[in-house]
1. In the stretch 27-72, how many are modelled with pLDDT of 90 or more, farther than 14 Å from Tyr2 by Cα and among the β-branched types (Val, Ile, Thr)?
2. Lys57: buried (at least 17 other Cβ atoms within 10 Å of the Cβ) and either outside any loop (DSSP other than H, G, I, E, B) or out of contact with any Ser or Thr (no Cβ under 8 Å at 6 or more places or on another chain) (or both), yes or no?
3. Whether any residue in the stretch 34-45 is over 13 Å from the mean Cα position of the chain (by Cα) and in a loop (DSSP other than H, G, I, E, B) is what I want to check.
4. Any residue in the stretch 14-23 that is over 15 Å from Glu3 (Cα atoms) and modelled with pLDDT of 90 or more?
5. Any idea which residue in the stretch 1-42 is least open to solvent (accessible area, probe 1.4 Å), counting only those that are among the aromatic types (Phe, Trp, Tyr) and closer than 18 Å to Thr69 by Cβ?
Amino acid sequence: VYEALKRGSWLFAAAMPMCATRDAGIFTHNQQSRVVNIPIWVFQGGKDPNPTPATTKALLDKWRAAGGTPTY
């Protein structure tokens with residue numbers, strides 16, 4: 001989902017990823033301004049071992065710091 005948002009942000013009105021296994025290089029390559037305006041609603045199981053809920057929360061914290069308003 002994050003890769004699709006990064007590559008074609010103009011195509012999406014919103015996104016619903018299941019978790020945050022990786023951010024597709026959005027923050028590593030400083031591309032958050034291209035995607036943080038897209039509403040996302042992220043789902044994560046509380047007992048999931050990979051990725052852990054903490055991993056998903058860390059990505060959403062970056063999203064918020066960049067100006068986004070994700071729902072978790």
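The values are calculated or read from the model by the stated rules, or taken from the named source; none is laboratory data. Note that the structure is a prediction, hence the values are computed from the model and not measured. Methodologically, a virtual Cβ is constructed for each residue, glycine included, from the backbone with ideal geometry; neighbour enumeration extends over all protein chains shown. When the accessible area is computed, the model is the full protein with side chains, heavy atoms only, and any ligands, DNA or RNA have been set aside. Shrake-Rupley method; radii C 1.70, N 1.55, O 1.52, S 1.80 Å.
1. Total meeting the criteria: 2.
2. Values: buried (at least 17 other Cβ atoms within 10 Å of the Cβ): no; either outside any loop (DSSP other than H, G, I, E, B) or out of contact with any Ser or Thr (no Cβ under 8 Å at 6 or more places or on another chain) (or both): yes.
No; evaluated as a whole, the condition is false for this residue.
3. Of all residues in the stretch 34-45, those over 13 Å from the mean Cα position of the chain (by Cα) come to 45.
When the remaining residues are screened for being in a loop (DSSP other than H, G, I, E, B), the result is 45.
Looking through the stretch 34-45, at least one residue is over 13 Å from the mean Cα position of the chain (by Cα) and in a loop (DSSP other than H, G, I, E, B).
4. No; the residues of the stretch 14-23 include none that is over 15 Å from Glu3 (Cα atoms) and modelled with pLDDT of 90 or more.
5. Going through the stretch 1-42, the residues among the aromatic types (Phe, Trp, Tyr) turn out to be 2, 10, 12, 27, 41.
Pick out the ones that are also closer than 18 Å to Thr69 by Cβ and you get 2, 12, 27, 41.
Working: Tyr2: 13, Phe12: 81, Phe27: 37, Trp41: 124 Å².
Out of the qualifying residues, it is Tyr2.
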